[in-house]
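The structure under discussion appears below in the form of structure tokens.
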Amino acid sequence: MDLEKLLDMGESETVEFKETFDRETLETVVAFANTRGGAILIGVNNAGGVKGAPIGPETIPKWSNQISQATEPTLIADFQVESIEGKTVVAILVKEYPLKPVSYRGRCYRRIRNSNRVMSPQEIAHMHLQSTGNSWDALPAPISAKDWLDVERIRIYLQGAAASGRRKIAKSADPIEILKKIELIKKNKPTWAAVLLFGKNPQSPLTQATIHCGRFKEEATIIDDRLISGSLIEEIDEALDFIRKNIRVRFHISGEAQREEIWDYPLEALREAVINAVCHRDYSDPADIQIKIYEDSLQIWNPGGLPFDMTVDDLLDPAHSSRPRNKLIAQVFYDMGLIERYGSGIQRMIQACRKSGLPDPVFEEKSGGFAIRFQKSLLNEERLIKAGLNKRQIEALRYAKEKGRITNIEYQEEWGVSKATATRDLALLIKKGFLVQYGKTGRGTFYKLKGS
């Protein structure tokens with residue numbers, strides 16, 4: 001491994017600098033093993049300055065022994081010793097461990113960006129399930145399938161799966177027996193997935209399996225509020241109904257026979273986001289899914305962050321693989337045509353927003369969960385009027401959108417104003433968050449719509 005290249009890269013999710021071998025080094029070994037592996041460079045300060053590590057003949061065997069004795073399961077690290085700038089640097093190379101989590105003195109750590117974080121009992125349980133190829137929703141619930149499942153809800157699923165062509169099911173087939181064959185029922189016990197999808201009252205054993213929707217004028221002023229419960233399919237339908245009720249729609253009349261509905265946000269993207277939240281949330285977490293609708297944005301938050309080996313950057317990669325938190329729920333949604341190819345939902349949301357002329361949705365791990373935030377167009381008429389812009393300034397923003405950019409000279413020529421007026425208007429549009437300046441001064445300076 002090229003240690004000098006690692007020095008240039010700086011600390012990250014897979015690189016750590018330590019001046020000496022200490023307790024924190026052992027924590028980092030465990031965090032790397034529980035995440036993506038990594039390299040710890042001993043003899044380097046936090047800023048990447050090479051200080052050197054004094055080592056003798058017994059140093060490496062001693063460190064190796066400390067790592068193996070302090071970790072459970074036992075970790076065996078590799079070591080690489082090099083001279084950099086005339087000083088000794090030791091790299092401790094840690095591979096991702098296949099059966100997670102690994103602990104140090106009874107505590108488990110995971111790597112987040114360039115730091116280590118102690119894992120909660122809930123995270124430990126999820127990591128173990130994920131590393132063994134299982135998921136929480138596949139565990140059997142301690143209740144009777146016959147008493148707790150709604151056969152009519154199962155039939156609706158079977159009809160939807162047959163209509164989509166994704167699962168061939170005979171019309172005469174017994175619904176309960178079908179669920180046994182696809183392992184939604186195990187030893188006459190429904191899995192948690194079956195309870196959530198087909199239970200007579202899913203919220204009886206799982207009170208947290210709800211969606212809380214709110215329409216806000218401001219953060220503390222609630223205009224509309226609804227707590228949605230029922231089966232997961234019913235929750236999706238009701239949540240989308242609440243959203244449609246609380247966002248605006250206008251109609252575009254064209255030469256076609258029908259008028260075109262134009263919503264604040266594309267409905268197909270919102271549907272994808274709601275299904276994503278319901279499918280991938282952590283149902284062992286006591287929090288509910290939250291949908292918050294504001295004047296200029298809409299946020300959907302679900303408990304449970306991304307899988308342990310995935311980042312937001314990974315998620316935005318069109319080629320990323322799908323790692324559903326709830327595998328059986330995801331399979332049922334796929335069977336019914338609610339989700340398409342696994343892992344493609346994020347790109348569909350992005351494309352739908354771009355087609356509607358809106359900023360890309362913002363995806364982030366937030367408050368112990370995962371959030372998707374949709375934003376109205378910067379050029380939304382209501383927003384422009386509320387910002388107090390005059391006609392010339394509004395036209396300048398539309399010019400910047402159409403042309404991709406605007407310069408001070410173009411502003412002067414297009415609206416016949418002085419350089420001072422153009423400069424003042426452009427500065428105001430930056431201050432109010434509509435434009436971003438590129439370049440400091442002179443002919444090379446131009447302005448683009450924020451987020452474009």
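Annotations for the structure displayed:
- Test: residue in the stretch 171-180 that is touching a Pro at 6+ places or on another chain (Cβ under 9 Å), touching a residue at least 24 places away in the same chain (Cβ under 8 Å) and hydrophobic (A, V, I, L, M, F, W, C): yes
- Extreme residue, surrounded by the fewest Cβ atoms within 10 Å (Cβ to Cβ), among residues of the stretch 356-406 that are more than 30 Å from residue 291 (Cα to Cα) and among the β-branched types (Val, Ile, Thr): 394
- Of all residues in the stretch 140-150 being in contact (Cβ under 8 Å) with a residue 12 or more places away in the chain and either assigned to a helix (DSSP H, G or I) or within 12 Å of residue 336 (Cβ to Cβ) (or both), the one that is least open to solvent (accessible area, probe 1.4 Å): 145
- Residues of the stretch 11-68 that are touching a Cys at 6+ places or on another chain (Cβ under 8 Å) and aliphatic (A, V, I, L, M): 30 alone.
- The residues of the stretch 334-345 that are touching a residue at least 60 places away in the same chain (Cβ under 8 Å) and surrounded by 17 or more Cβ atoms within 10 Å (Cβ to Cβ), listed by number, are 334, 335, 336, 338, 339, 345.
- Total residues in the stretch 46-55, condition open to solvent by 30 Å² or more (accessible area, probe 1.4 Å) and more than 31 Å from the chain's Cα centre (by Cα): 3
- Residue in the stretch 251-259 that is out of contact with any Leu (no Cβ under 8 Å at 6 or more places or on another chain), in contact (Cβ under 8 Å) with a residue 12 or more places away in the chain and more than 18 Å from residue 157 (Cβ to Cβ) present: no
- Only listed residue being surrounded by fewer than 14 Cβ atoms within 10 Å (Cβ to Cβ), in contact with a Gly (Cβ under 9 Å, 6 or more places away or on another chain) and of a type outside the set (Val, Ile, Thr), chosen from 153, 166: 166
- Matching option when the condition is open to solvent by less than 10 Å² (accessible area, probe 1.4 Å), closer than 21 Å to residue 105 by Cα and among the small types (Gly, Ala, Ser), among 70, 33: 33
- Members of the stretch 407-435 found to be modelled with pLDDT of 90 or more, open to solvent by less than 70 Å² (accessible area, probe 1.4 Å), under 16 Å from residue 387 (Cβ atoms) and not in a helix (DSSP H, G or I), listed by number: 434, 435
- Selection status of residue 112, β-branched (Val, Ile, Thr), more than 15 Å from residue 15 (Cα to Cα) and surrounded by fewer than 17 Cβ atoms within 10 Å (Cβ to Cβ): no
- Taken over the stretch 81-101, the criterion of being under 30 Å from residue 118 (Cβ atoms), surrounded by 14 or more Cβ atoms within 10 Å (Cβ to Cβ) and of a type outside the set (Asp, Glu) is satisfied by 89, 90, 91, 92, 93, 94, 95, 97, 100, 101.
- Restricting the stretch 179-218 to residues that are over 21 Å from residue 134 (Cβ atoms) and among the β-branched types (Val, Ile, Thr), the residue that is surrounded by the fewest Cβ atoms within 10 Å (Cβ to Cβ): 207
- Elements of type strands (runs of 3 or more DSSP E) in the stretch 219-311, at least 1 residues being open to solvent by less than 40 Å² (accessible area, probe 1.4 Å): 221-228, 289-293, 297-303
- Residue match in the stretch 102-109 (condition: at pLDDT 90 or above, in a helix (DSSP H, G or I), more than 30 Å from residue 2 (Cβ to Cβ) and open to solvent by 70 Å² or more (accessible area, probe 1.4 Å)): no
The values are calculated or read from the model by the stated rules, or taken from the named source; none is laboratory data. Note that this is a predicted model, so its numbers are computed, not measured. Backbone-built Cβ (ideal geometry, glycine too); neighbour counts: all protein chains shown. Only protein heavy atoms, including side chains, enter the accessible area calculation; ligands, DNA and RNA are left aside. Shrake-Rupley method; radii C 1.70, N 1.55, O 1.52, S 1.80 Å.
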